[in-house]
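A.B. asks: First the structure, which I've put down as structure tokens, then a few questions once you've had a look.
The values are calculated or read from the model by the stated rules, or taken from the named source; none is laboratory data. Just so you know, these numbers come straight off a predicted model, no measurement behind them. Reconstructed Cβ throughout: ideal geometry from the backbone, glycine too, with neighbour counts over all protein chains shown. Each accessible area value is taken on the protein alone, full model and side chains, heavy atoms only, with ligands, DNA and RNA left out. Shrake-Rupley method; radii C 1.70, N 1.55, O 1.52, S 1.80 Å.
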Amino acid sequence: MKTKKIKNIFLCLLCVICAGVFAASIATLNVENARAEGVATATAENVKEYTVGSVSVYHLSTNGKVFVLFFDGEGNGCDLGYTTWVVPDTYTTKFEEYLMINGKKMSEVDGVTIQGMDMSNALCIDGFYLSDGGKIVIPKGAVFENASAKLTFTRTYTITWDGEKYTVEAEHQETVFPDYTMEEGMLSDFTEKSVKRLGGQDYHDAVPDKDGWNTNYHSYFKSGFATEKEAPEGSTNGGYKFEWDTTTGLLYPSIMFRFRDDIPFDSDDEMVFRIYFSATLDKSFSFWITSSTNPRVWEAENMVSGLTLTMGGWNEIRVPVADYLDKNGKIAPIAFTLAYNQSFKPNENVPGGYLLFDTVKLQESVKVVDDNYKIYDISEIVPLSGEKTYTGELDSYSDSFDYNKDCNIAFARMDKTFTGMKVKVKVNDLSRFSFYFVLNGTNKYYVDGGVFYWFSNNSVLVGTATKTYISEPLPGSIQANKEFIVEMTCAPYYVDGIKAGNYIALKVDGTEIGSGSYVSGASCNFGNWTGLYLHNTTKAVNVTVAPVAQASEPAISLNLSTSLNATTVKVGESLGTKVKVTGKLYKADDIRYVIVSGEEYAEIDNDGYITGKANGKVVIKAVATNDFGTFSSNEIEITVGKSGVPKKKGCGSAAESGVIALLALAGVAVVMLIKNKKGE
């Protein structure tokens, strides 16, 4: 009996073990089958449901294959659960019943397959052929569902092949304005309610019919609405948070927004964006603000240097409404892009961070130009006495031009911002010439900042790196070998008492060219470079510049002083000097120190230290050479006295060290440069 009982227990245990093994085998088989079909094994409760807000494609140039990506209404990727390339499964085959290709159901077109990819929010459609203008349509009401995700399409998306690439167009949604009160003149407060006020239009829709727009710009980023509590302190009502992690080689975080279009405005008005930039961002970016009417995101209508913005704080950025109007006079969608350009190498990490878009509102812009600005003669800016001729450097008309070469710069002054300049110009041959002046640039090239005034054989242009404000034919008064006067204005203007940018204008021989324009601080990076630059000009062409009215005082000076204005030094001891230069010129040579008389009593080294040799008097000065000649400072007479203990320059007693430290504070009268005809 006991033996039989043990035997029964053993049989029961065996049955339990077998049942467990069988169940495990079935589960393993199900997992393997699921893996073979490339779907997640999540239960129905774990299926993520998405309402598709936008569809984009990788811009393949291959007819017959397209990678399609899906995003929700906040621009986040719809995670389909695929992590590897898999063969078509029951889920993708079912999706073919919705899709149309050239007017036919995709399931009825031979050879077409849809399969999951190793990108979590992408499908690959393959094996079809589209003639130019052929279309793949995902209709409104389509549903894609697998074990991981369910996607519902609330509007129709059309993928078109134009013979070179695919583009995506989303069905237009009528704007509906439910009850939601925003501040007067507000285009959006970037909250969930304001999105609903826009009738659910997706804030991330790129512009599918414009070459150059990459509709995948937002696929690497996270975004969504933040409440007032979640937003940084000082938020109006919360906002829209756009963020990304530290990423190797990530250069262009970019997002596009649509705005309400039921508010009347004047094209002279401004849009004021209130944006928070996180403290983690590296400031070396340029912030591009680009209209969707512009096919190239990098040719921004307005560009702000990150160096001028506050990281870890709120920023108000003003841009002219007129830069962002579509053909119907409405404000077109606008893209915002952080461009790090060359700040980071491809293998370097770009710091992560976020932007929080708080509000954007229309504001009447009353621009007031500073009445105290002055148009300087060129001889007041650079030490130009008489005329100076510069020659082009291209050997022939077919030569390519390299504007990065320093020799293309005729002159550049880099220490003062000027509100305007007038100059007399003459060109010996109008068949192939091109030169421009820059006012208030950030360095020696106009592409980085400042306003250019550009003359060539067929036109006159005035503008910045991002926009041309004046484009007119070459005036008839400009003729070969005939002098003409150019007057350039770049005067500050103010809005609500705050400097907002510069007013620019151009006159040739007293006649205004085009009309004056306002360049906002958001449209241009202003600096302190002023110069003349030759561009694309052959060696047969000479450009001559001369003062309109010669300045009474030279535009550059050297002020030479000694430590604490000392006028004596002992034999064997050294006395330091200091040169203060005003009117700094690009390409100026190093300063040289010269003994005018008394070489037998003292010597002076390259650093300006005078060492006494014998009792007597010595006279010293400093000279500098630049594009306009060699210039001299004031002269100083030093008495060399009795012998002392030799001391090294820059060393010695505390008192002497203090003398050197106070050198920069020496208050002496400035003696203007005297041009030395002997070149000393």
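A.B. asks: Less than 13 Å apart at the alpha-carbon level, and either on another chain or at least 8 residues along: which aspartates and glutamates does that give for LYS367?
C.D. replies: ASP268, ASP269, GLU270, ASP496
A.B. asks: Net charge around GLU270, counting only other residues with Cβ within less than 12 Å of its Cβ (Lys, Arg = +1; Asp, Glu = -1)?
C.D. replies: Taking every other residue near GLU270 into account, the sum is -4.
A.B. asks: Right, here's the next one. Which pairs break 31 Å Cα to Cα here: LYS424/LYS587; LYS444/LYS578; LYS140/LYS327; LYS241/LYS444; LYS467/LYS580; LYS444/LYS482?
C.D. replies: LYS241/LYS444; LYS467/LYS580, as the Cα separations exceed 31 Å there.
A.B. asks: If I stretch the segment between GLN550 and ASP245 completely, what's the gain in nm (0.36 nm per residue apart, minus their alpha carbon distance), one decimal?
C.D. replies: 104.0 nm
A.B. asks: Could you list the trypsin sites (Lys or Arg not before Pro) in segment 110-160 that lie in coil according to DSSP, counting only those with at most 14 other Cβ atoms within 10 Å of their Cβ?
C.D. replies: LYS140
A.B. asks: Another one. Roughly how many nanometres apart are two label points built 7 Å out from the Cα toward the Cβ at ILE591 and LEU60?
C.D. replies: Result: 6.7 nm between the two label points.
A.B. asks: Give the calculated FRET efficiency between ASN542 and VAL47 to the nearest 0.05, with a Förster radius of 56 Å applied to their Cβ-Cβ distance.
C.D. replies: Calculated value: 0.15.
A.B. asks: Now, a different point. Where in segment 265-349 are there trypsin sites (Lys or Arg not before Pro) that are in a DSSP coil and have at most 15 other Cβ atoms within 10 angstrom of their Cβ? Before the final figure, lay out the partial values.
C.D. replies: Values: sites: ARG274, LYS283, ARG296, ARG318, LYS327, LYS330; in loops: LYS283, ARG296, LYS327, LYS330.
Listed in order of number, the matching sites are LYS283, ARG296, LYS327, LYS330.
A.B. asks: State, to one decimal in nm, how far the label point of LYS580 lies from the label point of ASN328, with both points 7 Å from Cα in the Cβ direction.
C.D. replies: Distance between the two pseudo-spin positions: 6.3 nm.
A.B. asks: Just to make sure I understand: if all protein chains stay in place, what is the order of THR530, THR158 by accessible area at 1.4 Å, largest first?
C.D. replies: So the residues, ranked largest to smallest area, are THR158, THR530.
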